[in-house]
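Worksheet: the structure to be examined is printed underneath.
The values are calculated or read from the model by the stated rules, or taken from the named source; none is laboratory data. Please read all numbers here as calculations on a predicted model, not as lab measurements. Positions of Cβ are backbone-derived with ideal geometry, glycine not excepted, and every protein chain shown enters the neighbour counts. Remember, those area values only see protein heavy atoms, side chains included, never the ligands or the DNA or RNA. Shrake-Rupley method; radii C 1.70, N 1.55, O 1.52, S 1.80 Å.
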Amino acid sequence: GDASRIPALWSHVCMTELCTVIGDMKLGYVSTIEHLMSALLALGVDNLLVEIDGPEVPIMDGSARDFVDLIDSIGLVESDARRRYIKILKPVRIEHGRGFSELRPSLQGFHLDVEIDFSAAIIGRQRKVVELSPDVFREEIQGARTFGFLRDVEHLWKAGFALGSSLENSVALDGDKILN
């Protein structure tokens, strides 16, 4: 097929329902980018061309671990290109239903305060607060696995997404039971 370049920018995100999709649904897209993108961000990689020969990033074991291991095995090279930053000068908050995302100014580092709250008792309410660094990502985050409710995965499969998702690489929940 035709090769198309899709910049990995927030402005190219076209879907976020249970997986992140960038590009254009008619002109070309790639889905399930979240594990690869988290590994790249955490390891400080911001100048990279990723070639994918299908519509979805391989899900591997459902975490970022394999991506981190592969990056660590080949190493990183510092580029002469100028690094561009976005500086958060005042709080920015976006709300969607009960959920929200918020960016706040910080003098240094990348502080994360993440919380989920599911009605399913098996997940419930969980919170993680960290100062993100490559070491913290390797030790505390990279192994976080994709989880999903069986009813949602079936919906995604019918829409042509998360086709690589299976009981081998995702934690499947059905009501208040873990299936695998």
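Given H placed on each backbone N at 1.01 Å, which residues far from Met15 in sequence or on other chains put an amide H within less than 5 Å of it?
Val21
Tell me the relative contact order for the chain as a rounded percent, counting alpha carbon contacts under 8 Å between residues six or more apart.
Relative contact order here is 19 percent.
Any idea how far the Cα center of region 109-180 sits from the one of region 53-68, in Å?
14 Å
If you count the DSSP beta bridges with both ends in the chain, what percent of them are antiparallel, to the nearest 5?
In the chain, DSSP labels about 85 percent of beta bridges as antiparallel.
Starting from the Cα of Ser4, step 7 Å along the direction of its Cβ; do the same at Lys87; then give the gap between the two resulting points in nm.
The modelled label-to-label distance comes out at 3.7 nm.
Name the residue farthest towards the positive end of the dipole of the chain from the options Pro55, Phe100, Leu27, assuming +1 on Cβ of Lys and Arg, -1 on Cβ of Asp and Glu, about the Cα centre.
Final value for the positive-end residue is Phe100.
If the chain between Phe118 and Phe149 were fully stretched, how many nm would it gain, using 0.36 nm times the residue separation less the Cα-Cα distance?
Separation in residues times 0.36 nm, less the Cα-Cα distance, equals 10.0 nm.
Applying 1/(1 + (r/R0)^6) with R0 = 22 Å to the Cβ-Cβ distance of Val129 and Glu102, what FRET efficiency is obtained, to the nearest 0.05?
0.95
Please report, in debye to the nearest 20, how large the charge dipole of the chain is about its Cα centre when each Lys and Arg carries +1 at its beta carbon and each Asp and Glu carries -1 there.
Using only the charged Cβ atoms, the result is roughly 740 debye.
Return one whole number: the accessible area per residue of the chain in Å², for a 1.4 Å probe.
For the chain, the solvent-accessible area averages 75 Å² per residue.
Once neighbouring chains are kept in place and the probe is 1.4 Å, which whole percent of the accessible area of the chain is contributed by carbon and sulfur?
54 percent
Would you rank Arg83, Arg151, Arg145 by solvent-accessible area, highest first, keeping every protein chain in place and using a 1.4 Å probe?
Sorted by accessible area, descending: Arg151, Arg83, Arg145.
Rounded to the nearest 0.05, what FRET efficiency is calculated for Ile94 and Trp157 with R0 set to 35 Å and r the Cβ-Cβ distance?
Computed FRET efficiency for Ile94 and Trp157 comes out at 0.75.
Given axes a ≥ b ≥ c from the Cα gyration tensor, I'd like to know whether region 1-64 is rounded (a/c under 1.5), prolate (a/b larger than b/c) or oblate.
rounded
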